[in-house]
2 protein chains.
Amino acid sequence: MTELRKDPIIGRWVIIAKERGRRPSDFLTLVEEKKEQFSPFAPGNENMTPPEIYAIRPENTPPNTPGWTLRVVPNKYPALRVEGELNPRGEGIYDMMNGIGAHEVIIETPDPEKKLEELELPAIHNVVRTYKLRIEDLKRDIRLKYILVFKNHGHLAGATLKHAHSQLIATPVVPKRVVEEMTGSKTYYKLKERCIYCDIIRQELKDNIRVAFEEEHFIAIEPFAARVPFETWILPKKHMSHFETSNDTELHHLALTLKTVLKKLNRALQSPPYNFVIHTSPIQEERKSYYHWHIEIMPKLTNVAGFEWGSGFFINPTPPEDAAQFLREISV
Amino acid sequence: MTELRKDPIIGRWVIIAKERGRRPSDFLTLVEEKKEQFSPFAPGNENMTPPEIYAIRPENTPPNTPGWTLRVVPNKYPALRVEGELNPRGEGIYDMMNGIGAHEVIIETPDPEKKLEELELPAIHNVVRTYKLRIEDLKRDIRLKYILVFKNHGHLAGATLKHAHSQLIATPVVPKRVVEEMTGSKTYYKLKERCIYCDIIRQELKDNIRVAFEEEHFIAIEPFAARVPFETWILPKKHMSHFETSNDTELHHLALTLKTVLKKLNRALQSPPYNFVIHTSPIQEERKSYYHWHIEIMPKLTNVAGFEWGSGFFINPTPPEDAAQFLREISV
């Protein structure tokens with residue numbers, strides 16, 4: 001059982017994965033990239049993952065056998081588990097609870113070599129539709145308060161396996177960063193009676209200097225206060241507080257935008273490692289006028305993050321206006 | 001001139017270093033470590049840095065010549081500069097100001113090969129005393145609101161030069177992370193009329209399971225909600241809100257504690273890359289009952305930070321209790 005622990009000063013929750021505990025010597029090779037010969041996610045190796053939760057596969061194939069085009073499995077080394085009681089408790093001034101939640105892996109393709117953005121559009125559409133389906137399923141467990149959907153691509157961005165996959169962590173608390181976005185956008189709404197993200201989209205479309213890509217339903221911008229070079233946000237143009245309320249047309253356009261933007265970043269930066277995170281509203285809360293779901297993509301280009309995430313203070317050597325211009329000019 | 005820009009949603013300030021602007025192709029080699037043959041910080045190369053601001057050197061030696069044991073110089077590629085006007089302004093919904101401040105480099109030793117923790121105790125004492133002297137000097141400029149003292153050690157922790165050095169960035173705004181710590185500890189003080197850090201020290205000394213090192217004036221702990229394996233905090237046992245109010249005896253003990261803890265981390269983790277950041281009160285504010293300065297050390301052992309600093313959600317595979325036990329048992 002892992003443990004959720006709260007920093008008593010600033011209220012940040014951390015998962016302490018006791019079961020995954022390592023001796024100090026285990027860390028020494030972690031910064032080196034493994035030479036992978038073998039993918040436990042490849043067809044034929046279905047028995048190397050926990051049994052599948054969901055798959056897109058021909059009707060005549062049984063679960064956990066080859067034939068699938070997309071597979072969702074529990075993480076073999078889960079940060080959080082569904083089984084058990086939350087048991088929130090204190091220890092002197094400290095607060096903690098059991099590591100209840102879910103940790104799933106979305107295997108995006110059977111091909112161990114293909115990247116997400118190299119897949120055909122319908123396959124990427126399936127990936128984002130699967131995010132929605134998994135959120136809809138998990139939100140029925142009312143102990144769960146938030147679902148964090150993210151992708152680590154490349155060793156330097158924290159991916160331990162090369163085979164294309166994203167992850168989902170459902171938590172019994174709302175992460176601090178989400179609370180901050182909710183609070184900030186609510187404050188703006190109280191003042192202006194407008195969604196701040198809608199205002200950002202309006203201003204960016206008017207100024208047209210930080211727009212990296214635009215299509216019918218989505219816009220991709222380099223944010224005004226970008227933390228890292230080529231930080232890119234994808235936002236639906238229509239106001240929508242919860243990712244999972246996207247309809248299938250919107251998900252098709254999201255897939256198109258994601259594919260285009262990732263391919264542009266690959267062309268501009270020679271296929272960098274990257275992370276993306278879906279920022280959306282807490283799952284048990286009703287639709288909000290003040291919050292607007294979006295995806296934040298962070299290419300991993302520099303090593304300066306260590307100090308910067310420790311201090312919350314970022315120095316970005318590339319103005320987002322320059323990055324946007326590079327990305328706009330790249331055809332993919 | 002760089003620009004300070006504020007994220008309109010959560011209020012984070014970012015420095016956009018336009019002058020340092022790079023083409024996308026410039027990033028491609030950044031993740032590879034440079035094979036350094038040459039240190040611009042070494043004695044004899046004083047003309048390769050901007051003229052020194054401060055140095056510890058024999059009385060008969062002129063500035064910017066060899067003979068020094070410690071040197072402070074402006075960063076050659078400063079994120080912020082002293083010259084100019086702040087000129088805070090808006091651009092639609094966005095807020096920004098000119099990059100006014102200071103960015104200095106503390107060259108900790110003339111020896112290009114020695115690490116900070118390998119220096120003799122009096123030399124480390126000089127380093128921390130220099131932090132205090134530079135803060136005392138810079139705080140006379142009332143445009144400056146905060147001074148961030150930090151060290152990046154090792155390429156993977158963001159150091160671009162191997163020669164031992166720390167840095168100081170003086171900012172015209174208080175970084176968000178500092179505001180959060182001030183707000184959190186103030187809320188606790190209002191409730192309890194006690195400093196939360198003093199309470200943490202009391203509980204850690206009593207429990208004695210997360211203490212990594214203790215001496216007369218300082219304690220080093222693995223924090224309860226550690227974000228990364230072997231995250232270590234050094235705190236003065238006596239309540240003190242501002243680092244720069246430390247007297248020379250306290251700075252001697254800080255040097256001893258820093259040397260001991262860094263050597264223990266080196267022994268436990270085979271000399272990992274690391275960052276440390278001094279967390280202290282805003283320089284223009286009076287002494288506070290609720291805030292307690294300290295140093296946070298983050299060894300850079302895993303590559304997962306990308307996603308985690310993007311989402312604010314951390315998974316730590318090493319319980320701080322285990323890390324503390326390893327560190328306590330190492331003799332240095």
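Structure values in brief
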| quantity | calculated |
| --- | --- |
| Only Lys, Arg (+1) and Asp, Glu (-1) charged, at Cβ; chain B dipole about Cα centre in debye | 520 |
| Label point distance in nm, A:Glu215-A:Ile93, each placed 7 Å from Cα along Cα→Cβ | 5.2 |
| The stretch B:239-275 and the stretch A:218-263: distance between their alpha carbon centers, rounded to Å | 44 |
| Prolate/oblate/rounded label for chain B (Cα gyration tensor, a/c 1.5) | rounded |
| For B:Leu191, label point 7 Å along C-beta direction: distances to other copies, nm | 2.8 |
| Net length gained if the chain between A:Asn208 and A:Gln270 were fully extended (0.36 nm per residue, minus Cα distance) | 19.8 nm |
| Pseudo-label separations to other copies for B:Lys114 - Cα-to-Cβ vector, 7 Å, nm | 5.8 |
| Inter-copy spacing of B:Ile209 label points, which lie 7 Å from Cα along Cα→Cβ, given in nm from shortest upward | 5.6 |
| Lysine pairs meeting the criterion (Cα under 17 Å, 8 or more apart or interchain), as found in the stretch A:114-183 | 8 |
| Fluctuation leader among A:His239, A:His294, A:His165 - chain A, Gaussian network, Cα springs under 10 angstrom | A:His239 |
| Between the stretch B:57-113 and the stretch A:119-163, the alpha-carbon center distance in angstrom | 44 |
| Antiparallel content of DSSP bridges confined to the protein assembly as shown, in %, to 5 | 95 |
| Pairwise FRET efficiency - B:Glu59 versus A:Glu113, Cβ, R0 = 51 Å, nearest 0.05 | 0.15 |
| Other-chain or far-sequence residues with amide H under 5 Å of B:Val173's (modelled H) | B:Lys145, B:Tyr146 |
| Within 10 Å of each Cβ in A:219-228, the average number of Cβ atoms from other chains | 5 |
| For A:Thr302, A:Thr245, order by how many other beta-carbon atoms lie within 10 Å, fewest first | A:Thr245, A:Thr302 |
| Order of A:Ile107, A:Ile295 - criterion: other Cβ atoms within 10 Å of each residue's Cβ, fewest first | A:Ile295, A:Ile107 |
| Karplus 3J(HN,Hα) series, Hz, for the stretch A:175-189 with 6.51 cos²θ - 1.76 cosθ + 1.60 (x for Gly, Pro) | x, 4, 4, 5, 4, 4, 5, 4, 5, x, 6, 5, 4, 5, 4 |
| Convex hull projection area averaged over all views, the protein assembly as shown, Cα basis, nm² | 28.9 |
| Unit charges at the beta carbon, dipole of the protein assembly as shown: most positive-side option, A:Pro122, B:Leu156, B:Leu138 | B:Leu138 |
| Highest-MSF residue in chain B out of B:Phe230, B:Phe314, B:Phe276 [GNM, Cα springs under 10 Å] | B:Phe314 |
| Cut-off under 5 Å, modelled amide H: who pairs with A:Phe213 long-range | A:Ala220 |
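The numbers here are math on the coordinates, done by the rules we state, and not lab data. Bear in mind that the values here come from a model prediction, so they are computed numbers and not experimental data. Positions of Cβ are generated from backbone atoms using ideal geometry, with glycine treated the same way; all protein chains shown enter the neighbour counts.
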